[in-house]
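Enquirer: Just dropping this structure here.
The values are calculated or read from the model by the stated rules, or taken from the named source; none is laboratory data. This is a predicted model, so every value here is computed, not measured. Cβ: placed from backbone, ideal geometry, glycine included. Neighbour counts: every protein chain shown. To get the accessible areas, we keep the full protein, side chains included, count just its heavy atoms, and leave off ligands, DNA and RNA. Shrake-Rupley method; radii C 1.70, N 1.55, O 1.52, S 1.80 Å.
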Amino acid sequence: MWGQGHFSRASVTENVSFSGIVQMDEDIHYNKVEDVVGSHVEDAVTFWAQNINRNKDIMKIGSSLSEVCPHANSVFGNLDPKKIYGGLFSEDKCWYRCKVLKIISDEKCLVRYVDYGNTEILNRSDIVEIPLELQFSSVAKKYRLWGLQIPSGQEVTQFDQGRTFLGSLIFEKEIKMRIKATYQDGTIIAQAEYGSVDIGEEVAKKGFAEKCKLSSSPNTCEEKKSDPSQLALRNLKNPIPLWGHRSNQSTFSRPKGRLNGRLTLDLKNENDVGNPVTFPKESLAVGDFNLGSNVSLAKIKQDQKLIEENEKLKTEKEVLLESYKALELKVEQISQELQQEKAATVDLTKHLESTLKTRVGTRMKNLAAKVEKLKEIRRVNISVRFGNDLSDAIEVLDEGCITTLTSLNELEKIWAEYSLAQEQIQTCHNVNEGNVLIAKRNEVQQKLYMAVEVFILEVDELPLNQRLKTLQDLSTSLEAVYGQGKEGTNSEEILKKFYEWKCDKRQEFTNVRSETEASLQHLVAWFQSTMKVFDLSLEESLISEDTIGNIDEILEKTESCICRELEISLIEQGDADKEIILNTYSQVLQKIHSEERLIATVQSKYRNSAEFKKQIIECLNKSPSVDHLLSIKKTLKGLKARLRWKLVEKNNLEESDDHDGSEIEKIKQEITQLRNSVFQEIYHEREEYEKLNSLAQKWFPELPLLHPEIGLLKYMNSGGLLTMSLERDILDAEPMKELSSKRPLVCSEVNGQTILLKGYSVDVDTEARVIQRAATYHRAWREAKEDSGLLPLIFLFLCKSDPMAYLMVPYYPRANLSAVQASVPLTSEEALKVMKGVAQGLHTLHKADIIHGALHQNNVFALNREQGIVGDFDFTKSVSQRTSVNMMVGGLSLISPELKMGKPPSPSSDLYAYGCLLLWLSVQNQEFETNEDGIPKVDQYHLDDNVKSLLCSLIYFRSSMTAEQVLNAECFLLPKGKSIPNPEKEVEYTQYKKDDELKMENLDKYKEKTRNGEANIDL
């Protein structure tokens, strides 16, 4: 056979050495023959095949994977290239074992199906973990044709043709492999035979491969080894062409573990080992290859034809048998139905015989019941069925309709012109140009003032509130009857159609009612005449046949008329009638809402006009005065000068040898009064700034341009937080050394409130960013203030002598979660109250598109152990810089997994830190157990079900959570009953509070004695 003449057995073991080849044990493996079935082709000399004896293993693997994989967890984190996973093949949506060859991206991986050899790019969600019992060696092995190699410089087209040709020889065919050697990577070097055909020789004849040259070079008979993942990608990008006569449109890169519910090999008779293995017809088509070998293709085709005919006959037999069983079942069912019909007929006959005796009485009773029902219905108003309420509503809408005002159109036109003039002034930065624009604006302002006067007079004459109430009542009454309307175009054709329908229905109902009354009168007349027939006292002879003969017709007519009227009155209207009423109702509702919107527009414009008139009437053709603000600034300047002088005087007295204590105490009181006066004027200044800010925003945008000296633009840009009048040296501040590890912190008192002053080192760029970030935070707080759940910012000011920015915030000593839990931990109820406030704070920030990025136990405060607020963050740092600091709580990292993976911060990362803090508060001093990614395990703790559910959502599924949803979680709902306090906790907390107050009192005494130069007291 080909290949043996070039390389003898001895030459393999002694003379020739191939790079990466492991020499085989002659007695055990050399020339060992295996029967395999080809499953995947890589190139013209390399392919994958399955041992024919492993077919049962393939079936068991497929069955196990179909049970395990749909419920298994998708892979997460780093993937092990040596590990076997379960992969969902894209073509048949079945599960197969696979190994990861290469990570393409965060979401996609290149895998090889180890039991077939083919490759595919899968999403991570289609790759799952499989149990250890499925972690065994692959079924498919990689083979290489002995003595052949791919010619160097082979073109891609020829490469693909060679791959296709080899596939036609081995794919899904039973071939014999005579093993020669094995590569270190497990590739088996073997001679392949199909019958008497040497497959390697056929490949070489076609020119798709060449014979290896005898050489001792380590690269002999081996192509340049390429990255298997790159070869796999090439196979994916260049699919193998379909075979000439295959009806199945699959390529070589498809798992063949199952074909129409069975293995590639025909396993129909597993016990008959001696029978030859059969293959699908298309795998043996004449067009697949022309080898000129000793294999009788005609004989194979003849055998295959007989097999197909046999299978066809079996199928027809099964179909006929099923048809016979179905017919037999149908006959039995029909027989049972006939028996049931027969029994029902007998019962009906008996029933008719019994009812005939009481037919007249029963008919009269039924007729009397229907008449009674008709009387009741006629007493009820059924006008709704004919749209009378809609007609009344249309009449109300037409009578007092508020139409668009002439003055409103003119006002809106001039207002648009005025708004454009205001925008031009706002964007102007040149005083001269600004004066020109202001003059033009004032001209438009005069016109607008006149238009406003006319509009206000016209609106004052309209009963808008009364009309609006009428429309609201009308809308409420109609919605109670008809429910929700539908959107549609405004068309008078709908109303016209409604009126036509209403007239037709009313006429029809009138006719039916007239017929009913006529038939009842006829019946009454019949009864009256019949009485004479049965009156024995009358001597007049009556012919009973003429008098009584037509009673059946009279009863039939009466019943028919009554039933017709009942049907119209009771039975629901048809789809066409409902459609007309619904369209009309929707049309009426649109008219109501349209007029309501018009009234709302008029009222809104009226309020704006009234406000405009009030503001402009004082400043017509001139800008508001800033003299009051300048006066306050002048007063502040004098007060600060006096305060500084008093501070110098106090220091001089304290440093003198013979200072008078009473005089120093008097100066201290004066300093305190001056400080209070300074802050009182600073608050007055802020109020004046707020007034000017409102005027600049609404009516006078030229204020910052005309008065740059007052710094109004800086105040506006800072959201009212920045003040230019506050300075560091006028505060009676004490350094907070224990809290100044990151930045200077000092403590002081302003208007009876203890405050903390945070110092930030800033340059020109950092200063602007600090102001912008602090202003954004401050605006978010101002939306809800005390209900915002945020630590308020009091003032922001810049130091004139040093590159420092100072932020003034309230000081809550020992109120952060870290200090609270270290002293007297919160109870579960207290923790939920506090964390609800924290959730409110996150909701306020996220609604303003602010990501906190620094949520930890030192930055969350529990005020009075029940109100939770979120502290501010470092305004000199971006959100990415803030989230880069790894904060820990109880050994648990507060950095979310997505941040560890390098993804940008998001509200989800804030919620992860929030969930970890909630878990920390809930489990108290218990140790945390985490998975390989550092995520805590929640199920091991005994927690309230609602709390555990929220924690799972925050820690595991937070991407679908929002702070608003957290705020509305079940565990934060107020309990119905009042909780029972814990006496031990109350005593412990009370004692701690007393100790804390004593320490603060000692601290105050220490400060006082320090000022007076007395000895230190060790607290």
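Enquirer: Taking the stretch 715-751 as the search range and keeping residues that are exposed (fewer than 15 other Cβ atoms within 10 Å of the Cβ) and either touching a His at 6+ places or on another chain (Cβ under 6 Å) or of a type in the set (Gly, Ala, Ser) (or both), which one is farthest from residue 792 (Cα to Cα)?
Expert: 741
Enquirer: Residues of the stretch 901-950 being open to solvent by 50 Å² or more (accessible area, probe 1.4 Å), of a type in the set (D, E, K, R) and either in a loop (DSSP other than H, G, I, E, B) or farther than 21 Å from residue 828 by Cβ (or both), which ones?
Expert: Within the stretch 901-950, 903, 927, 929, 932, 937, 939, 944 meet the criteria.
Enquirer: When you look at residue 147, is it at pLDDT below 95 and in contact with a Gly (Cβ under 9 Å, 6 or more places away or on another chain), yes or no?
Expert: So residue 147 passes the test.
Enquirer: Mind checking which residues of the stretch 35-61 are part of a strand (DSSP E or B) and of a type in the set (A, V, I, L, M)?
Expert: Selection gives 36, 37, 41, 49.
Enquirer: Would you confirm whether or not the stretch 499-506 contains a residue that is part of a loop (DSSP other than H, G, I, E, B) and without any contact (Cβ under 8 Å) to a residue 24 or more places away in the chain?
Expert: So far as the stretch 499-506 goes, no, none of its residues is part of a loop (DSSP other than H, G, I, E, B) and without any contact (Cβ under 8 Å) to a residue 24 or more places away in the chain.
Enquirer: Do you know which residues across the stretch 456-476 are open to solvent by 60 Å² or more (accessible area, probe 1.4 Å) and either touching a strand residue (DSSP E or B) at 6+ places or on another chain (Cβ under 8 Å) or closer than 29 Å to residue 583 by Cβ (or both)?
Expert: Within the stretch 456-476, 469, 472, 473, 476 meet the criteria.
Enquirer: So which residues in the stretch 849-878 are under 15 Å from residue 787 (Cα atoms) and assigned to a loop (DSSP other than H, G, I, E, B)?
Expert: 866, 871
Enquirer: Can you tell me which residues in the stretch 654-693 are more than 22 Å from residue 729 (Cβ to Cβ), without any contact (Cβ under 8 Å) to a residue 60 or more places away in the chain and either open to solvent by less than 40 Å² (accessible area, probe 1.4 Å) or part of a helix (DSSP H, G or I) (or both)?
Expert: Of everything in the stretch 654-693, those that are more than 22 Å from residue 729 (Cβ to Cβ), without any contact (Cβ under 8 Å) to a residue 60 or more places away in the chain and either open to solvent by less than 40 Å² (accessible area, probe 1.4 Å) or part of a helix (DSSP H, G or I) (or both) turn out to be 662, 663, 687, 690, 691, 693.
Enquirer: If I go through the stretch 132-165 residue by residue, how many of them are open to solvent by less than 60 Å² (accessible area, probe 1.4 Å), assigned to a strand (DSSP E or B) and among the basic types (Lys, Arg)?
Expert: Going through the stretch 132-165 one residue at a time, the tally reaches 2.
Enquirer: Run residue 698 past the list (1) modelled with pLDDT of 85 or more; (2) basic (Lys, Arg); (3) open to solvent by 70 Å² or more (accessible area, probe 1.4 Å) and report the number of the one that doesn't hold.
Expert: (1)
Enquirer: So, one more: If you take the residues of the stretch 62-115 that are in a loop (DSSP other than H, G, I, E, B), β-branched (Val, Ile, Thr) and surrounded by 15 or more Cβ atoms within 10 Å (Cβ to Cβ), which of them is modelled with the lowest pLDDT?
Expert: Ranking the qualifying residues of the stretch 62-115, first place goes to 75.
Enquirer: Working only within the stretch 879-900, note down all residues that are of a type outside the set (A, V, I, L, M, F, W, C), free of Cβ contacts under 8 Å to residues at least 60 places away in the same chain and not in a helix (DSSP H, G or I).
Expert: Those that are of a type outside the set (A, V, I, L, M, F, W, C), free of Cβ contacts under 8 Å to residues at least 60 places away in the same chain and not in a helix (DSSP H, G or I): 884, 886, 890, 891, 893.
Enquirer: Is it the case that the stretch 123-131 has a residue that's closer than 30 Å to residue 902 by Cα and assigned to a loop (DSSP other than H, G, I, E, B)?
Expert: Among the residues of the stretch 123-131, at least one is closer than 30 Å to residue 902 by Cα and assigned to a loop (DSSP other than H, G, I, E, B), which makes the answer yes.
Enquirer: Consider the stretch 823-860. How many of its residues are open to solvent by 10 Å² or more (accessible area, probe 1.4 Å) and farther than 22 Å from residue 773 by Cα?
Expert: 11
Enquirer: Further, regarding this structure: Can you name every residue in the stretch 423-433 that is within 49 Å of the chain's Cα centre (by Cα) and surrounded by 13 or more Cβ atoms within 10 Å (Cβ to Cβ)?
Expert: Residues satisfying the conditions are 424, 425, 426, 428.
Enquirer: Condition test on residue 962, is it surrounded by 14 or more Cβ atoms within 10 Å (Cβ to Cβ) and touching a Pro at 6+ places or on another chain (Cβ under 6 Å)?
Expert: So residue 962 fails the test.
Enquirer: So for the stretch 571-594 (the condition being in contact with an Asp or Glu (Cβ under 9 Å, 6 or more places away or on another chain), open to solvent by 40 Å² or more (accessible area, probe 1.4 Å), modelled with pLDDT under 85 and part of a helix (DSSP H, G or I)), does at least one residue qualify?
Expert: Looking through the stretch 571-594, at least one residue is in contact with an Asp or Glu (Cβ under 9 Å, 6 or more places away or on another chain), open to solvent by 40 Å² or more (accessible area, probe 1.4 Å), modelled with pLDDT under 85 and part of a helix (DSSP H, G or I).
Enquirer: What's the number of the only condition in (1) in contact (Cβ under 8 Å) with a residue 60 or more places away in the chain; (2) under 44 Å from the mean Cα position of the chain (by Cα) that residue 734 fails to meet?
Expert: So the condition that residue 734 fails would be (2).
Enquirer: On to the next question. Would you please list the contacts, defined by Cβ atoms under 7 Å and residues six or more apart or on different chains, that run from a residue in the stretch 632-648 that is within 16 Å of residue 711 (Cβ to Cβ) to a residue that is part of a helix (DSSP H, G or I) and among the hydrophobic types (A, V, I, L, M, F, W, C)?
Expert: Cβ pairs passing all conditions: 636/678; 636/682.
Enquirer: Now a separate question. Which residue is farthest from residue 815 (Cα to Cα), if the candidates are limited to the stretch 791-800 and must be open to solvent by less than 10 Å² (accessible area, probe 1.4 Å) and aliphatic (A, V, I, L, M)?
Expert: Ranking the candidates gives 796 first.
Enquirer: Confirm whether residue 229 is open to solvent by less than 70 Å² (accessible area, probe 1.4 Å), among the small types (Gly, Ala, Ser), modelled with pLDDT under 50 and within 56 Å of the chain's Cα centre (by Cα).
Expert: For residue 229, the condition - open to solvent by less than 70 Å² (accessible area, probe 1.4 Å), among the small types (Gly, Ala, Ser), modelled with pLDDT under 50 and within 56 Å of the chain's Cα centre (by Cα) - is met.
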